[in-house]
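Inspection log for the structure reproduced underneath, given as structure tokens.
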Amino acid sequence: MPQYKTPLRDMRFLLNEVFDYEGHYKSLPNGEEATPDMVDAILEGCATFCEEVLAPLNLPGDLEGCTLKDGEVTTPKGFKEAYAEYVAGGWQGLSHPKEYGGQEMPMSLNLLKAEMMGTANWSFTMYPGLSLGCMNTIFQFGNTEQKATYMPPLVSGEWTGTMCLTEPQCGTDLGQVKTKAEPAGDGTYKLTGTKIFISSGEHDLAENIIHIVLARLPDAPKGTRGISLFIVPKFLVNKDGSLGERNNVRAGALEHKMGIRASATCVMNFDGATAYMIAEPNKGLEAMFTFMNTARIGTAVQGLAHAELSYQGALPYAKERRSMRALSGKKDADHPNDALIWHADVRRMLLTQRAVAEGARAMIYHAAKLADHMVAGVATGDKAKYEEYDDKLGFYTPILKGFITEMGLECANLGMQVFGGHGYIKEHGMEQIARDARISTLYEGTTGIQALDLLGRKTLLQSRGKCVFNFTNEMVALARPHLLDGDAIGKMARASFKRAMEWKWITLKIMLRANKDRDIVSAACYDFLMYAGFAMMGHFWLKQAIVAKQRLARGGKESKEFYTAKIQTAEFFFERLAPRADGHKKTMLSPTRSVMQMDNEHFSFV
């Protein structure tokens with residue numbers, strides 16, 4: 001199985017040399033304590049926990065899975081002890097307010113933590129990870145009593161939380177939610193209904209689970225305008241903070257999943273459960289989506305995590321496994337055949353994994369800075385600042401979530417391919433990565449949903465193309481000073497500059513065609529998203545390559561070999577991966593007739 005090693009060198013390169021996180025943290029109201037020494041200590045401590053505690057549980061946790069008996073879920077062996085160590089280390093409250101027991105560090109540090117934990121063991125990471133949405137919702141919309149009751153034990157990790165949104169009949173279309181909330185006459189509500197796909201809905205890691213649930217009041221309007229939001233604890237909480245009687249909410253079943261099998265994904269039944277309204281009546285969906293951008297970045301991290309872990313598994317195997325001679329001649333004279341890594345096709349797969357993982361990391365770390373400013377706006381009550389950065393982040397999130405998870409899944413499959421038939425065998429751990437990665441393109445909105453959000457809502461409706469034009473202007477500004485360079489950097493800069501101009505043109509062309517053919521938005525959106533992903537990743541690879549070139553000339557914190565490899569990986573991306581955008585361009589601009597012309601009944605002649 002892959003032996004996870006935290007890529008601290010690459011993380012520090014981005015934090016310290018590419019994105020100036022030291023200066024960024026100084027600009028935040030909660031960034032004073034996030035000094036370079038403190039950040040480094042956090043990275044080192046989390047890396048040790050991930051490598052020594054979480055990673056060894058990844059494969060056995062998958063093999064054992066979770067079990068449900070009499071409404072109680074038992075997690076795999078070792079998970080409970082690992083979670084206790086996680087809580088004891090204070091990791092859950094890293095980025096939450098001190099008044100509730102947290103350390104009040106910037107949100108981006110929590111994403112760095114999530115990357116390390118998620119790469120080491122994604123199933124485990126989902127248990128504390130799902131609490132974040134619950135905490136954010138209560139912090140933003142809860143009243144004083146609700147915050148005092150729920151925030152401290154959630155921040156400490158003694159309790160965990162969930163987000164109970166979807167139901168059997170509605171999937172992503174939450175306007176179809178049927179769960180009912182009847183007033184009980186004492187300020188509470190009786191909530192009845194069934195929720196599905198609830199990650200961490202029931203488990204044995206914490207003494208209480210706090211569910212954030214979407215439901216309808218008796219007089220609620222139809223559709224999304226009639227949904228309210230409620231707090232439903234597994235155990236009711238007494239006035240002194242102690243746990244009271246068991247609430248009428250139970251796990252009815254465990255989903256039998258393709259991957260992340262050590263994460264308990266539950267069907268949750270609410271049978272007249274005591275519930276407490278949070279936020280305003282009939283405005284629950286609006287409240288629930290307040291931090292959705294940060295949740296989707298969290299899912300993008302999964303794409304990065306599986307690309308990284310699969311690369312870490314495939315690379316040593318490619319160096320050790322021998323098969324045939326390299327086409328360019330004998331490489332390992334002491335052996336009758338050469339290591340896999342000498343074969344160009346194997347190198348293609350390894351470099352694809354590396355380019356995607358390191359490119360995705362740069363994209364996410366940049367977006368994390370925007371998330372820091374957005375959260376700071378919420379914490380300080382600066383609505384204008386919150387809305388400004390939420391809008392900026394809103395452009396990145398569908399690209400990050402959709403593109404990076406699709407590419408992460410591809411990299412997970414490439415890892416199996418490097419192993420050949422051995423990659424299909426459980427004991428090596430490579431097939432688990434592929435199975436675990438598959439869900440990332442589905443939850444928090446499928447790739448198609450993200451694509452519609454990017455093209456239909458963010459680009460065409462909300463901004464009339466402005467979000468694309470703003471980002472492509474950044475691409476142009478980075479590339480322009482290097483357009484005449486005669487080296488690899490100049491070549492990449494010219495390619496990125498050209499792509500920026502082309503992206504503007506494509507956006508205008510689709511905007512004009514959509515006035516006459518509305519189907520083009522849905523027919524083109526997937527290719528538009530993937531095109532955007534390759535263009536954006538190219539921008540951030542160019543950014544890394546420019547810094548690496550400067551460090552080679554003037555000296556830097558890393559070795560000459562590190563910076564050289566950065567530039568070489570960037571070259572690979574631009575020559576071997578970025579051209580895929582051309583195919584997406586051609587497809588998205590094709591007429592919609594071939595997609596829409598067939599009669600529905602002719603899709604099958606069974």
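What follows draws every value from the coordinates through simple rules; no lab data is involved. Predicted, not measured: the structure shown is a model, and the values here were computed from it. Here the Cβ positions follow ideal geometry from the backbone for every residue, glycine too, while neighbour counts run over all protein chains shown.
What to note about this one:
- Relative contact order for the chain: 12 percent, from Cα pairs under 8 Å spaced at least 6 residues apart, divided by residue count.
- For q = 0.09, 0.11, 0.14 Å⁻¹, Debye-computed log10 I/I(0) when each Cα of the range 462-606 counts as one equal scatterer: -0.37, -0.51, -0.72
- Sparse-neighbourhood loop sites, trypsin sites (Lys or Arg not before Pro) in the range 77-147 - DSSP loop, at most 15 other Cβ within 10 angstrom: K77
- Mean separation of Cα contacts under 8 Å (6+ apart) over length of the range 523-584, as relative contact order %: 52 percent
- Rounded, prolate or oblate (a/c below 1.5 giving rounded, otherwise prolate when a/b exceeds b/c) for the range 1-102 by Cα gyration tensor: oblate
- Counting only the Cα atoms, the chain fills a convex hull of 181 Å³ per residue.
- Between T188 and E575, the simple label model (points 7 Å from Cα in the Cβ direction) yields a spacing of 6.7 nm.
- Per residue Cα convex hull volume in Å³ - calculated over the range 510-556: 60 Å³
- From helices alone, the chain scores -17000 deg cm²/dmol at 222 nm; the rule is -39500 (n - 2.57) for each run of n ≥ 4 DSSP H residues, then divide by the residue total.
- Across the range 120-254, the relative contact order, built from alpha-carbon pairs under 8 Å that are at least six residues apart, equals 21 percent.
- Highest to lowest packing among 224-232, 316-324, scored as the average C-beta count within 10 Å: 224-232, 316-324
- Between S323 and R457, full extension at 0.36 nm per residue minus the direct alpha carbon distance yields a gain of 43.2 nm.
- Straight-distance crosslink candidates among aspartates and glutamates, where the alpha carbon sits under 13 Å from K557 and sequence neighbours closer than 8 are dropped: D10, E17
- Cα-Cα P(r), the range 311-355, percent of pairs per 5 Å interval: 5, 26, 31, 21, 12, 5, 0
- Using a Förster distance of 51 Å, the FRET efficiency for R225-D334 (Cβ separation, nearest 0.05): 0.10
- Exceedance of the 21 Å cut-off in Cα-Cα distance is limited, within the set K222/K466; K504/K586; K283/K466, to K222/K466; K283/K466.
- Placing unit charges on the Cβ atoms of the charged side chains and taking the dipole of the chain about its Cα centre, the candidate lying farthest along the positive direction among L154, Y563, L508 is L508.
- The range 503-555: trypsin sites (Lys or Arg not before Pro) falling in loop per DSSP and having at most 11 other Cβ within 10 Å: K516
- Charge context of L28, other residues only, Cβ under 14 angstrom, K/R +1, D/E -1: -4
- Summing Cβ point charges (Lys, Arg +1; Asp, Glu -1) relative to the Cα centre of the chain gives a dipole of roughly 2240 debye.
- What the Cα atoms of the range 67-155 give is an Rg and a Dmax of 14.1, 41 Å.
- 24 Å Cα cut-off, lysine pairs counted over the range 113-218 (separation 8 or more, or different chains): 5
- Cα shape, the range 191-339, gyration tensor, a/c 1.5 rule: prolate
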